[in-house]
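Shown next, in structure tokens, is the structure this report addresses.
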Amino acid sequence: MSSQTNERPLNVINNEKLSRFEVKLDGDDVGFMEYRREGSGIIFTHTEVPPAYRGQGIADKIAKSALDFAQQEHLGVIPLCPFVKKYIDRHAEYQPLVLDWK
């Protein structure tokens, strides 16, 4: 397992062209969260971190950045991605963002 991510700060970038929040390290993807914008909402559809980088909090950092973005932009959130749903369940401050979508 790589320890590189523990030695350097990771920056989450909103890649609007690809509709995803992503983290790169030395040009390589070390994690991303895909989304769709729909009106005044954002739908988080998929989160992925390659096996070599799992267990280092990368997905949590991406989720926090993505949800902070939604909050700042006054977007309602639809967490189709199971990881994002679990993250919101663990972080009550983001629960008011969730839209009733079921």
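The values are calculated or read from the model by the stated rules, or taken from the named source; none is laboratory data. The model shown is predicted, which means the values in this text are computed figures rather than measured ones. Cβ: placed from backbone, ideal geometry, glycine included. Neighbour counts: every protein chain shown.
Annotations
- Of the residues making up the range 15-35, those that are under 22 Å from Lys85 (Cβ atoms) and of a type in the set (Asp, Glu) are Glu22, Glu34.
- Of all residues in the range 7-47, those that are modelled with pLDDT under 95, surrounded by 10 or more Cβ atoms within 10 Å (Cβ to Cβ) and not acidic (Asp, Glu) total 4.
Condition check ((1) under 15 Å from Glu22 (Cβ atoms); (2) in contact with an Asp or Glu (Cβ under 6 Å, 6 or more places away or on another chain); (3) of a type outside the set (A, V, I, L, M, F, W, C)) across all residues:
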{"site": "Val49", "(1), (2), (3)": "yes, no, no"}
{"site": "Gly55", "(1), (2), (3)": "no, no, yes"}
{"site": "Ser65", "(1), (2), (3)": "yes, no, yes"}
{"site": "Phe69", "(1), (2), (3)": "yes, no, no"}
{"site": "Glu73", "(1), (2), (3)": "no, no, yes"}
{"site": "Pro82", "(1), (2), (3)": "no, no, yes"}
{"site": "Lys85", "(1), (2), (3)": "no, no, yes"}
{"site": "His91", "(1), (2), (3)": "no, no, yes"}
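- Number of residues in the range 88-102 that are assigned to a helix (DSSP H, G or I) and either touching a helix residue (DSSP H, G or I) at 6+ places or on another chain (Cβ under 7 Å) or not small (Gly, Ala, Ser) (or both) equals 8.
- Within the range 71-87, the set of residues being within 18 Å of Gly31 (Cβ to Cβ) and outside any loop (DSSP other than H, G, I, E, B) comprises Pro79, Pro82, Phe83, Val84, Lys85, Lys86, Tyr87.
- Filtered residues of the range 39-67 (kept if in contact (Cβ under 8 Å) with a residue 24 or more places away in the chain, part of a strand (DSSP E or B) and either at positive phi or not aromatic (Phe, Trp, Tyr) (or both)): Gly41, Ile42, Ile43, Thr45, His46, Thr47
- Checking Val77, Val98 one by one, the residue that is over 22 Å from Val23 (Cα atoms) and either touching a strand residue (DSSP E or B) at 6+ places or on another chain (Cβ under 8 Å) or not small (Gly, Ala, Ser) (or both) is Val98 and no other.
- On the stretch given as the range 63-102, residues that are β-branched (Val, Ile, Thr) and more than 23 Å from Ile13 (Cβ to Cβ) total 1.
- For the range 19-34, the tally of residues that are in contact (Cβ under 8 Å) with a residue 12 or more places away in the chain, under 13 Å from Tyr53 (Cα atoms) and over 8 Å from the mean Cα position of the chain (by Cα) stands at 5.
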